[in-house]
1. Give, as residue ranges, the helices (runs of 4 or more DSSP H) completely inside the stretch 253-359 that count at least 2 residues that are at pLDDT below 90 and in the same structural domain as Ala224 (by TED's automatic domain parsing).
2. Of all residues in the stretch 162-193, how many are modelled with pLDDT of 90 or more, surrounded by fewer than 18 Cβ atoms within 10 Å (Cβ to Cβ) and either out of contact with any Gly (no Cβ under 8 Å at 6 or more places or on another chain) or of a type in the set (Val, Ile, Thr) (or both)?
3. Residues to consider are Leu83, Leu43, Leu103; find the one that is under 24 Å from Ala130 (Cα atoms) and out of contact with any strand residue (DSSP E or B) (no Cβ under 9 Å at 6 or more places or on another chain).
4. Which one of these is surrounded by 20 or more Cβ atoms within 10 Å (Cβ to Cβ), under 13 Å from the mean Cα position of the chain (by Cα) and assigned to a helix (DSSP H, G or I): Thr137, Thr148, Thr159?
5. Residues that are touching a His at 6+ places or on another chain (Cβ under 9 Å) and modelled with pLDDT of 85 or more: does the stretch 2-12 have at least one?
6. Looking at Asn329, Asn337 in this structure, which one is in contact (Cβ under 8 Å) with a residue 40 or more places away in the chain and crowded, with 23+ Cβ neighbours inside 10 Å?
7. Given the options Ile111, Ile44, Ile99, name the one that is closer than 17 Å to Trp156 by Cα and among the β-branched types (Val, Ile, Thr).
8. Which of the residues that make up the stretch 1-22 are loosely packed, with under 14 Cβ neighbours inside 10 Å and within 22 Å of Tyr91 (Cα to Cα)?
Amino acid sequence: MPLGLIALALGGFGIGLTEFVIAGLLPEVAATFDVSEAAAGWLITGYALGVVVGALALTAATTRLPRKAVLLALLTLFVAGNLLSAVAPDYGLMLTGRIVAALCHGAFFGIGSVVAAEMVPPNRKAGAIAIMFTGLTAANVLGVPLGTLLGQQLGWRSTFWAITLVGIVAFAGIAALVRVPHGSAGPGGLAYELRAFRSRQVWLSLLVTVLGFGGMFGAFTYIAYTLTGVSGFPTSAVPWLLILFGGGLFVGNIVGGRFADRSVDRTLITVLAGLTVVLVLFALTARSQPATYAALLLMGAFGFATVPGLQTRVMSYAAQAPTLASSANIAAFNLGNAFGAWIGGLTISAGLGYTSPIWAGAGITVAALVVLLVARTVAGVDRDPATDADPGPTVPAH
């Protein structure tokens with residue numbers, strides 16, 4: 001395994017920590033700046049919007065530049081944003097720092113996925129992408145609890161100082177260890193990259209990402225209400241239960257990557273079907289605490305097992321111009337998060353109870369499965385107009 005993949009994973013760890021740790025520190029941040037809970041929530045919402053904008057805008061602006069150099073520039077932006085958050089004297093600058101850091105998120109994972117795939121043989125591309133995303137899952141399993149604890153003990157600014165240090169170490173690691181083909185950059189700039197979006201399969205892949213990830217996050221966004229209001233856990237148990245969910249993310253990411261290297265579509269079909277079953281069973285058995293333990297682990301595992309396959313699929317159908325399509329897929333993940341949370345919120349507002357977002361998540365996942373089956377059928381008659389490549393992203397096992 002190339003050591004550069006570990007450096008990319010460390011960058012992903014820092015970015016994932018930046019995104020998620022703020023949720024556990026919001027009360028302290030709100031108290032420091034004397035703002036309402038709703039205003040403090042914009043530190044999360046603003047970040048999410050920054051991810052979508054940065055994924056498309058920064059990737060589009062850097063298509064002609066060497067990818068390794070772009071990754072280093074993105075990490076510089078990441079460090080600057082978190083440093084600004086750490087020293088922010090007021091809420092406005094804190095929000096600015098969050099948005100600055102968010103701009104690098106989508107482009108880093110999008111371009112990083114392409115770089116990771118370039119570092120390994122063709123039959124190991126999905127596995128390489130999974131290793132890079134291991135940093136994101138590790139941020140959920142270890143980084144968020146430790147970052148929250150650090151912030152509670154030494155003040156929330158200490159967490160952002162620690163994240164800044166992670167970014168500096170990741171920068172050094174990528175500079176020293178990442179090896180990409182000479183002149184690794186989009187050969188034709190933005191116009192060339194946009195050709196990928198002439199492919200129906202690219203658009204169908206993006207839709208599967210929105211729905212597939214939206215299904216899991218539709219259930220997950222309101223999970224604390226389910227755990228306390230339905231399963232009967234005390235509020236103090238929720239962080240530890242989320243670590244169990246994070247463990248599932250970690251395992252699912254690795255296993256999903258290995259199977260996607262054998263067949264992307266077959267793996268995604270299996271995983272999406274499995275996620276649907278898990279969500280339905282969770283909704284039916286949420287009052288049972290032992291069943292909830294298993295459901296959290298499996299929901300994380302099946303949910304994140306889709307990530308390497310989804311990322312590989314869109315890159316495969318944009319094979320000659322994958323950079324912008326890859327970053328667009330990162331934006332699609334975040335749109336899926338927002339869509340799933342919105343649908344789940346509607347079900348709760350309609351008075352359907354705290355298991356209703358789980359049922360809604362199962363329905364969204366079924367829609368993702370249907371779209372994938374349609375895409376697989378269409379692929380049999382499609383020939384990718386952007387790449388003139390044979391249809392289907394399946395990578396033969398060796």
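1. Details: elements: 264-285, 289-316, 322-349.
So the answer is 289-316, 322-349.
2. Selection size over the stretch 162-193: 6.
3. Leu103
4. Sole residue among the options that is surrounded by 20 or more Cβ atoms within 10 Å (Cβ to Cβ), under 13 Å from the mean Cα position of the chain (by Cα) and assigned to a helix (DSSP H, G or I): Thr137.
5. First, the residues of the stretch 2-12 that are touching a His at 6+ places or on another chain (Cβ under 9 Å): none.
No, the stretch 2-12 contains no residue that is touching a His at 6+ places or on another chain (Cβ under 9 Å) and modelled with pLDDT of 85 or more.
6. Asn329
7. One residue alone meets the criteria, Ile44.
8. Passing the criteria: none in range.
The values are calculated or read from the model by the stated rules, or taken from the named source; none is laboratory data. The shown structure was predicted, so the numbers you read here are calculated from the model rather than taken from an experiment. For neighbour counting, all protein chains shown are included, and Cβ atoms are generated from backbone atoms with ideal geometry for every residue, glycine included.
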